[in-house]
Amino acid sequence: MIGKGEKILILEPDEKTREWFIRFLGFRGFDPITAISPEEALSRLEENKLPGAAICEIFFSNGGSIGYFDFSVPLKVLELRQKEGVIVPTILLAVRDDSRRLDEAIRKCRPFWVVKKPFKEEEILRALDFVLFNP
């Protein structure tokens with residue numbers, strides 16, 4: 001699968017995973033736009049035209065063992081998708097196996113695909129192939 005410069009918004013708090021996305025997607029012809037927090041991702045959405053797709057982590061850590069779920073970015077992408085009348089597929093990254101919260105995220109955000117962490121390269125490729133090249 002080779003991209004044609006499609007912008008992909010990546011919301012990923014983990015630096016190693018974010019860098020992996022930059023290399024992985026850049027090498028395959030995509031233009032990754034990265035953010036480490038929901039606030040930064042929302043700002044990126046304001047700065048750029050709508051991306052071709054969004055890959056969004058939905059679980060964030062406070063630096064300790066307690067974390068929180070945040071659906072603001074996939075919800076904003078959904079809002080823009082409906083407002084602009086364009087398809088911006090969203091892939092949710094689910095780091096925790098909290099099926100109740102994941103079900104809530106799926107119901108509210110209506111993602112095109114869900115990938116559970118840790119993931120394999122093939123899973124991301126399969127998800128991107130589905131959401132970008134199979135309308």
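Below are the figures for this structure:
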item	result
Mean residue ellipticity (222 nm) of the chain, computed from DSSP H runs ≥ 4 via -39,500 (n - 2.57), nearest 500	-14000 deg cm²/dmol
Top positive-direction residue, dipole computed over the chain with Cβ charges, set 133, 74, 3	133
Relative contact order of region 7-133, defined on C-alpha pairs under 8 angstrom at six or more residues apart (%)	21 percent
Options [x] 21, 17, 15; [y] 63, 11, 10; [z] 31, 13, 10 - which one matches semi-axes √(5λ) of the Cα gyration tensor in Å as calculated here	[x]
Local net charge near residue 2, Cβ-Cβ under 12 Å (Lys/Arg +1, Asp/Glu -1)	0
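Every number here is computed from the coordinates shown, using simple stated rules; none is lab data. Here the structure is a predicted model, which is why all the values come from computation and not from measurement. As a convention, Cβ positions derive from the backbone with ideal geometry for all residues, glycine included, and neighbour counts pool all protein chains shown.
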